Amino acid sequence: MSTTVWIILAGAVLTFLTRIGGHMVLSRFERIHPRVEAGLNAVPAAVLTTLVAPAAMNGGIPEIAALTVGVVVSLVAGGMMPMFLSSAAVLILLRHLISQ
Amino acid sequence: MTADIAKENARPRDFAQGVRDSVPVVVAAMPFGLLFGALAVENNFSVFEAVLMSATIFAGASQMVGIDLFGQKVAPWLIVLSILAVNFRHVLYSATTGRWIAHWGPVQRLLGFFMLVDPMFAETERRGETHGTVSFGWYMGAALPLYLSWVIEAWVGALFGNLVPDPHALGIDFLLPIYFLGLVMSFRKRSFWLPVVLMSAAASMLAYRTVGSPWHVSIGAIAGVALAAIMAPDARKGRKTR
(Lines give C-alpha, C1' and ligand atoms only; values in the text may rest on other atoms or scores of the structure.)
Protein backbone atom coordinates (compact mmCIF):
# COMPACT_ATOMS: atom_id res chain seq x y z
CA MET A 1 0.00 0.00 0.00
CA SER A 2 1.14 3.55 -0.70
CA THR A 3 2.16 6.04 1.99
CA THR A 4 -0.94 8.06 1.16
CA VAL A 5 -3.22 5.13 1.97
CA TRP A 6 -1.43 4.61 5.29
CA ILE A 7 -1.82 8.31 6.14
CA ILE A 8 -5.54 8.09 5.34
CA LEU A 9 -6.11 4.91 7.38
CA ALA A 10 -4.12 6.21 10.38
CA GLY A 11 -6.11 9.45 10.22
CA ALA A 12 -9.33 7.43 10.05
CA VAL A 13 -8.45 5.31 13.09
CA LEU A 14 -7.47 8.37 15.17
CA THR A 15 -10.62 10.23 14.07
CA PHE A 16 -12.76 7.27 15.11
CA LEU A 17 -10.96 7.16 18.47
CA THR A 18 -11.82 10.84 19.10
CA ARG A 19 -15.46 10.06 18.26
CA ILE A 20 -15.75 7.16 20.72
CA GLY A 21 -13.09 8.38 23.16
CA GLY A 22 -14.93 11.37 24.57
CA HIS A 23 -17.91 9.20 25.52
CA MET A 24 -15.68 6.51 27.02
CA VAL A 25 -13.48 8.87 29.04
CA LEU A 26 -15.78 11.72 30.06
CA SER A 27 -18.68 9.44 31.03
CA ARG A 28 -16.48 8.26 33.92
CA PHE A 29 -16.36 11.75 35.39
CA GLU A 30 -19.34 13.50 36.91
CA ARG A 31 -17.89 16.96 36.30
CA ILE A 32 -15.34 18.37 33.88
CA HIS A 33 -13.05 21.06 35.29
CA PRO A 34 -14.19 24.47 33.95
CA ARG A 35 -10.70 25.22 32.63
CA VAL A 36 -10.60 21.94 30.71
CA GLU A 37 -14.09 22.55 29.37
CA ALA A 38 -13.25 26.10 28.28
CA GLY A 39 -10.05 24.88 26.65
CA LEU A 40 -11.84 22.14 24.70
CA ASN A 41 -14.58 24.57 23.66
CA ALA A 42 -11.88 26.77 22.17
CA VAL A 43 -10.25 23.97 20.15
CA PRO A 44 -12.15 24.40 16.84
CA ALA A 45 -11.73 28.18 16.62
CA ALA A 46 -8.09 27.95 17.73
CA VAL A 47 -7.11 25.21 15.28
CA LEU A 48 -8.98 26.61 12.29
CA THR A 49 -7.64 30.14 12.87
CA THR A 50 -4.09 28.83 12.48
CA LEU A 51 -5.03 27.64 8.98
CA VAL A 52 -6.34 31.04 7.92
CA ALA A 53 -3.90 33.51 9.51
CA PRO A 54 -0.67 32.51 7.68
CA ALA A 55 -2.57 32.30 4.38
CA ALA A 56 -3.85 35.83 4.97
CA MET A 57 -0.32 36.97 5.90
CA ASN A 58 1.08 35.60 2.63
CA GLY A 59 -1.84 36.77 0.51
CA GLY A 60 -2.04 39.75 -1.84
CA ILE A 61 -4.86 42.23 -2.28
CA PRO A 62 -7.39 39.72 -3.75
CA GLU A 63 -6.81 37.26 -0.89
CA ILE A 64 -7.03 39.86 1.90
CA ALA A 65 -10.13 41.42 0.30
CA ALA A 66 -11.79 38.01 -0.04
CA LEU A 67 -11.21 37.15 3.63
CA THR A 68 -12.40 40.60 4.75
CA VAL A 69 -15.61 40.24 2.74
CA GLY A 70 -16.01 36.74 4.23
CA VAL A 71 -15.86 38.08 7.78
CA VAL A 72 -18.33 40.90 7.03
CA VAL A 73 -20.82 38.61 5.25
CA SER A 74 -20.61 36.06 8.10
CA LEU A 75 -21.41 38.76 10.64
CA VAL A 76 -24.27 40.18 8.59
CA ALA A 77 -25.85 37.12 6.94
CA GLY A 78 -24.60 34.22 9.07
CA GLY A 79 -24.35 30.74 7.61
CA MET A 80 -21.56 29.23 5.58
CA MET A 81 -22.86 29.48 2.01
CA PRO A 82 -23.40 33.26 1.62
CA MET A 83 -19.99 33.87 3.19
CA PHE A 84 -18.22 31.27 1.08
CA LEU A 85 -19.77 32.28 -2.25
CA SER A 86 -19.31 36.05 -1.83
CA SER A 87 -15.74 35.63 -0.59
CA ALA A 88 -14.84 33.32 -3.49
CA ALA A 89 -16.50 35.71 -5.96
CA VAL A 90 -14.41 38.64 -4.67
CA LEU A 91 -11.26 36.51 -4.89
CA ILE A 92 -11.87 35.40 -8.48
CA LEU A 93 -12.94 38.88 -9.61
CA LEU A 94 -9.94 40.66 -8.10
CA ARG A 95 -7.51 38.03 -9.38
CA HIS A 96 -8.80 38.70 -12.90
CA LEU A 97 -8.62 42.48 -12.45
CA ILE A 98 -5.19 42.49 -10.77
CA SER A 99 -3.49 39.87 -12.92
CA GLN A 100 0.32 39.60 -12.62
CA MET B 1 -28.69 -1.19 3.07
CA THR B 2 -30.77 1.78 4.14
CA ALA B 3 -33.97 -0.31 3.88
CA ASP B 4 -32.50 -3.03 6.11
CA ILE B 5 -31.63 -0.59 8.83
CA ALA B 6 -35.07 1.01 8.65
CA LYS B 7 -36.70 -2.43 8.92
CA GLU B 8 -34.63 -3.35 11.96
CA ASN B 9 -35.86 -0.28 13.75
CA ALA B 10 -39.20 -0.48 15.51
CA ARG B 11 -40.22 2.91 14.13
CA PRO B 12 -39.52 3.27 10.41
CA ARG B 13 -41.15 6.70 10.52
CA ASP B 14 -38.16 7.86 12.56
CA PHE B 15 -35.87 6.86 9.69
CA ALA B 16 -37.95 8.85 7.19
CA GLN B 17 -37.94 11.88 9.48
CA GLY B 18 -34.17 11.56 9.80
CA VAL B 19 -33.82 11.56 6.00
CA ARG B 20 -35.97 14.71 5.81
CA ASP B 21 -33.87 16.39 8.53
CA SER B 22 -30.70 15.58 6.58
CA VAL B 23 -31.73 17.39 3.37
CA PRO B 24 -30.50 20.92 4.23
CA VAL B 25 -27.23 19.56 5.56
CA VAL B 26 -26.65 17.38 2.48
CA VAL B 27 -27.26 20.38 0.21
CA ALA B 28 -25.01 22.69 2.25
CA ALA B 29 -22.19 20.15 2.41
CA MET B 30 -22.30 19.29 -1.30
CA PRO B 31 -19.94 22.01 -2.62
CA PHE B 32 -17.38 21.04 0.01
CA GLY B 33 -17.62 17.34 -0.78
CA LEU B 34 -16.97 18.13 -4.45
CA LEU B 35 -14.30 20.67 -3.53
CA PHE B 36 -12.53 18.07 -1.43
CA GLY B 37 -12.40 15.63 -4.34
CA ALA B 38 -11.08 18.31 -6.69
CA LEU B 39 -8.45 19.57 -4.23
CA ALA B 40 -7.35 16.03 -3.37
CA VAL B 41 -6.49 15.37 -7.00
CA GLU B 42 -4.89 18.83 -7.21
CA ASN B 43 -2.62 17.76 -4.31
CA ASN B 44 -1.56 14.53 -6.07
CA PHE B 45 -4.11 12.14 -4.57
CA SER B 46 -5.48 9.44 -6.84
CA VAL B 47 -9.26 9.24 -7.31
CA PHE B 48 -9.28 6.06 -5.20
CA GLU B 49 -7.37 7.78 -2.37
CA ALA B 50 -9.76 10.74 -2.41
CA VAL B 51 -12.78 8.45 -2.12
CA LEU B 52 -11.06 6.31 0.53
CA MET B 53 -10.34 9.39 2.65
CA SER B 54 -13.94 10.61 2.52
CA ALA B 55 -15.26 7.10 3.25
CA THR B 56 -12.99 6.32 6.20
CA ILE B 57 -12.29 9.69 7.89
CA PHE B 58 -15.59 11.43 7.04
CA ALA B 59 -14.65 14.79 8.57
CA GLY B 60 -14.48 17.67 6.10
CA ALA B 61 -12.13 20.16 7.74
CA SER B 62 -9.54 17.55 8.72
CA GLN B 63 -9.61 16.03 5.23
CA MET B 64 -8.94 19.49 3.77
CA VAL B 65 -6.07 20.00 6.21
CA GLY B 66 -4.71 16.56 5.35
CA ILE B 67 -4.57 17.15 1.60
CA ASP B 68 -3.29 20.71 2.09
CA LEU B 69 -0.31 19.47 4.12
CA PHE B 70 0.12 16.53 1.73
CA GLY B 71 0.56 19.06 -1.09
CA GLN B 72 3.26 20.79 0.97
CA LYS B 73 5.25 17.52 1.21
CA VAL B 74 5.05 17.43 4.98
CA ALA B 75 6.19 14.29 6.87
CA PRO B 76 3.42 11.64 7.01
CA TRP B 77 3.25 11.45 10.81
CA LEU B 78 2.78 15.22 10.98
CA ILE B 79 -0.14 15.01 8.55
CA VAL B 80 -1.74 12.30 10.70
CA LEU B 81 -1.11 14.39 13.84
CA SER B 82 -2.67 17.45 12.19
CA ILE B 83 -5.77 15.43 11.24
CA LEU B 84 -6.01 14.35 14.87
CA ALA B 85 -5.57 17.95 16.06
CA VAL B 86 -8.38 19.23 13.83
CA ASN B 87 -10.69 16.37 14.84
CA PHE B 88 -9.95 16.54 18.53
CA ARG B 89 -13.17 18.51 19.08
CA HIS B 90 -15.04 15.26 18.38
CA VAL B 91 -14.01 14.12 21.86
CA LEU B 92 -16.47 16.69 23.20
CA TYR B 93 -19.18 15.77 20.69
CA SER B 94 -18.73 12.15 21.69
CA ALA B 95 -19.10 12.91 25.39
CA THR B 96 -22.19 15.07 24.82
CA THR B 97 -24.01 12.90 22.27
CA GLY B 98 -23.13 9.76 24.24
CA ARG B 99 -25.84 10.69 26.75
CA TRP B 100 -28.55 10.58 24.05
CA ILE B 101 -27.49 7.27 22.52
CA ALA B 102 -26.44 5.36 25.64
CA HIS B 103 -29.48 3.05 25.27
CA TRP B 104 -28.38 1.78 21.83
CA GLY B 105 -26.60 -1.55 21.36
CA PRO B 106 -22.79 -1.55 21.29
CA VAL B 107 -22.52 -1.97 17.49
CA GLN B 108 -25.17 0.70 16.93
CA ARG B 109 -23.25 3.09 19.15
CA LEU B 110 -19.95 2.41 17.31
CA LEU B 111 -21.70 3.08 13.98
CA GLY B 112 -23.29 6.23 15.37
CA PHE B 113 -19.99 7.60 16.70
CA PHE B 114 -18.28 6.80 13.38
CA MET B 115 -20.70 9.20 11.65
CA LEU B 116 -20.64 11.92 14.34
CA VAL B 117 -19.62 14.86 12.12
CA ASP B 118 -20.31 18.49 13.09
CA PRO B 119 -23.82 18.71 11.55
CA MET B 120 -24.80 15.28 12.96
CA PHE B 121 -23.73 16.50 16.39
CA ALA B 122 -25.84 19.64 16.02
CA GLU B 123 -28.88 17.77 14.63
CA THR B 124 -28.67 15.09 17.34
CA GLU B 125 -28.60 17.72 20.08
CA ARG B 126 -31.69 19.34 18.53
CA ARG B 127 -33.50 16.02 18.13
CA GLY B 128 -32.76 15.07 21.74
CA GLU B 129 -34.03 18.41 23.01
CA THR B 130 -37.30 18.33 21.04
CA HIS B 131 -38.14 14.60 21.36
CA GLY B 132 -36.49 13.68 24.65
CA THR B 133 -34.82 10.71 22.97
CA VAL B 134 -32.74 9.89 19.88
CA SER B 135 -33.56 6.61 18.13
CA PHE B 136 -31.11 4.62 16.03
CA GLY B 137 -33.56 4.77 13.12
CA TRP B 138 -33.74 8.57 13.13
CA TYR B 139 -29.96 8.88 13.49
CA MET B 140 -29.28 6.57 10.54
CA GLY B 141 -31.94 8.33 8.49
CA ALA B 142 -30.10 11.60 9.01
CA ALA B 143 -26.52 10.27 8.87
CA LEU B 144 -26.63 7.84 5.91
CA PRO B 145 -27.62 10.39 3.22
CA LEU B 146 -24.91 12.69 4.58
CA TYR B 147 -22.31 9.91 4.49
CA LEU B 148 -23.22 8.45 1.09
CA SER B 149 -23.43 11.84 -0.61
CA TRP B 150 -20.08 12.85 0.93
CA VAL B 151 -18.36 9.75 -0.50
CA ILE B 152 -19.98 10.14 -3.95
CA GLU B 153 -19.04 13.84 -4.03
CA ALA B 154 -15.38 12.99 -3.38
CA TRP B 155 -15.50 10.65 -6.37
CA VAL B 156 -17.27 13.13 -8.67
CA GLY B 157 -15.06 16.00 -7.49
CA ALA B 158 -11.91 13.97 -8.04
CA LEU B 159 -12.95 13.15 -11.60
CA PHE B 160 -13.99 16.75 -12.28
CA GLY B 161 -10.86 18.13 -10.60
CA ASN B 162 -8.76 16.65 -13.38
CA LEU B 163 -10.60 18.86 -15.84
CA VAL B 164 -10.10 22.21 -14.10
CA PRO B 165 -7.70 24.09 -16.41
CA ASP B 166 -6.42 27.00 -14.29
CA PRO B 167 -6.92 26.54 -10.52
CA HIS B 168 -5.40 29.95 -9.72
CA ALA B 169 -7.76 31.92 -11.99
CA LEU B 170 -10.73 30.06 -10.51
CA GLY B 171 -9.46 30.70 -6.99
CA ILE B 172 -9.42 27.00 -6.09
CA ASP B 173 -6.03 27.21 -4.35
CA PHE B 174 -7.44 29.78 -1.89
CA LEU B 175 -10.90 28.31 -1.31
CA LEU B 176 -9.62 26.33 1.68
CA PRO B 177 -8.60 29.36 3.78
CA ILE B 178 -11.99 30.91 2.92
CA TYR B 179 -13.76 27.72 4.00
CA PHE B 180 -11.77 27.56 7.23
CA LEU B 181 -12.52 31.22 7.91
CA GLY B 182 -16.22 30.38 7.49
CA LEU B 183 -15.86 27.62 10.09
CA VAL B 184 -14.01 29.96 12.46
CA MET B 185 -16.86 32.48 12.09
CA SER B 186 -19.46 29.75 12.73
CA PHE B 187 -18.05 29.25 16.23
CA ARG B 188 -18.26 32.95 17.12
CA LYS B 189 -21.03 32.51 19.73
CA ARG B 190 -18.65 30.58 21.97
CA SER B 191 -17.04 31.98 25.10
CA PHE B 192 -13.70 33.73 24.59
CA TRP B 193 -14.08 33.37 20.81
CA LEU B 194 -12.48 36.70 19.87
CA PRO B 195 -9.53 36.49 22.30
CA VAL B 196 -8.91 32.87 21.22
CA VAL B 197 -8.99 33.77 17.52
CA LEU B 198 -6.69 36.77 18.00
CA MET B 199 -4.26 34.78 20.13
CA SER B 200 -4.19 31.80 17.74
CA ALA B 201 -3.81 34.09 14.73
CA ALA B 202 -0.88 35.99 16.28
CA ALA B 203 0.83 32.85 17.59
CA SER B 204 0.42 30.94 14.32
CA MET B 205 1.75 33.80 12.20
CA LEU B 206 4.73 34.23 14.52
CA ALA B 207 5.38 30.47 14.51
CA TYR B 208 4.99 30.34 10.72
CA ARG B 209 7.74 32.95 10.38
CA THR B 210 10.07 31.50 13.03
CA VAL B 211 9.54 27.74 13.49
CA GLY B 212 7.88 27.06 10.14
CA SER B 213 5.02 24.97 8.73
CA PRO B 214 3.24 22.83 9.91
CA TRP B 215 4.21 23.57 13.51
CA HIS B 216 2.37 26.88 13.31
CA VAL B 217 -0.87 24.86 13.46
CA SER B 218 -0.09 23.14 16.77
CA ILE B 219 1.61 26.16 18.32
CA GLY B 220 -1.19 28.54 17.34
CA ALA B 221 -3.88 26.11 18.51
CA ILE B 222 -2.22 25.47 21.88
CA ALA B 223 -1.85 29.22 22.46
CA GLY B 224 -5.56 29.81 21.85
CA VAL B 225 -6.71 26.84 23.92
CA ALA B 226 -4.42 27.82 26.80
CA LEU B 227 -5.78 31.36 26.74
CA ALA B 228 -9.36 30.06 27.01
CA ALA B 229 -8.38 27.79 29.90
CA ILE B 230 -6.70 30.69 31.71
CA MET B 231 -9.63 33.05 31.15
CA ALA B 232 -12.31 30.54 32.19
CA PRO B 233 -12.48 31.03 35.98
CA ASP B 234 -12.71 34.82 35.66
CA ALA B 235 -15.90 34.41 33.67
CA ARG B 236 -17.43 32.33 36.44
CA LYS B 237 -16.72 35.02 39.01
CA GLY B 238 -19.15 37.42 37.44
CA ARG B 239 -18.18 38.72 34.05
CA LYS B 240 -20.72 37.65 31.47
CA THR B 241 -19.18 36.03 28.42
CA ARG B 242 -22.16 35.21 26.25
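The values are calculated or read from the model by the stated rules, or taken from the named source; none is laboratory data. From a predicted model like this one, the values you see are computed outputs, not experimental measurements. Note: ideal-geometry Cβ built from the backbone for every residue, glycine included; neighbour counts use all protein chains shown. Surface areas here come from the heavy atoms of the whole protein model, side chains and all, with no ligands, DNA or RNA. Shrake-Rupley method; radii C 1.70, N 1.55, O 1.52, S 1.80 Å.
Summary table
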item: For segment A:45-79 versus segment B:38-73, the gap between their alpha-carbon centres in whole angstrom; result: 22
item: Alpha-carbon gyration tensor eigenvalues x 5, square-rooted, for segment B:45-105, Å; result: 28, 14, 8
item: Solvent-accessible heavy-atom area per residue, rounded to whole Å², over segment B:189-236 at 1.4 Å; result: 51
item: Assigned charges on the beta-carbon of Lys, Arg, Asp, Glu; the protein assembly as shown dipole about Cα centre (debye); result: 1260
item: Compactness relative to 2.2 N^0.38 Å, alpha carbon Rg of chain A; result: 1.54
item: Extension gain from B:Thr130 to B:Leu194, taking 0.36 nm per residue of separation minus the Cα-Cα distance; result: 19.9 nm
item: Among A:Ser87, A:Ser74, A:Ser27: highest mean-square fluctuation, GNM of chain A, C-alpha pairs under 10 Å; result: A:Ser27
item: Principal-axis tilt of helix A:43-58 within chain A, Cα atoms, nearest 10 degrees; result: 30
item: Hypothetical label at A:Val5: residues of segment B:70-114 whose amide nitrogen lies under 19 Å (7 Å Cα-Cβ projection); result: B:76-77, B:80
item: Options A:Ala56, A:Met80, A:Gly70, ranked by Cα towards positive dipole end of chain A, top entry (Cβ charges); result: A:Met80
item: Distance from segment B:140-191 to segment B:107-129 (C-alpha centre basis), Å; result: 21
item: Complex-versus-alone comparison for segment A:65-94, residues with a loss of 30 Å² or more in accessible area, probe 1.4 Å; result: A:Leu67, A:Val71, A:Ser74, A:Leu75, A:Met80, A:Met81, A:Met83, A:Phe84, A:Leu91, A:Ile92
item: Carbon/sulfur fraction of accessible area - chain B, other protein chains in place, 1.4 Å, %; result: 67
item: Using θ = phi - 60° and Karplus 6.51 cos²θ - 1.76 cosθ + 1.60, couplings along segment B:195-202 (whole Hz; Gly, Pro as x); result: x, 5, 5, 5, 5, 5, 5, 5
item: Leading residue at positive end of dipole, segment B:2-161 (Cβ point charges), from B:Ala154, B:Val19, B:Val41; result: B:Val19
item: Two-site FRET efficiency, A:Ala56 against B:Leu163, from Cβ-Cβ distance with R₀ of 22 Å, rounded to 0.05; result: 0.15
item: Dimensions (Å) - segment B:2-161, Cα atoms, principal axes, largest first; result: 48, 30, 24
item: Sites B:Thr210 and B:Val27 - FRET efficiency at Förster radius 56 Å, r taken between beta-carbons, to 0.05; result: 0.85
item: For chain A, calculated [θ]222 nm from helices alone, where every DSSP H run of n ≥ 4 adds -39500 (n - 2.57); result: -27500 deg cm²/dmol
item: Over the protein assembly as shown, equivalent-ellipsoid semi-axes from the Cα gyration tensor in Å; result: 31, 26, 19
item: Buried area at the A-B interface (accessible, heavy atoms, 1.4 Å probe, summed, Å²); result: 6200
item: Note, ³J(HN,Hα) from phi for segment A:65-71, Karplus 6.51, -1.76, 1.60, rounded to Hz, x at Gly and Pro; result: 4, 4, 5, 4, 4, x, 5
item: Label point distance in nm, A:Arg31-B:Lys73, each placed 7 Å from Cα along Cα→Cβ; result: 5.3
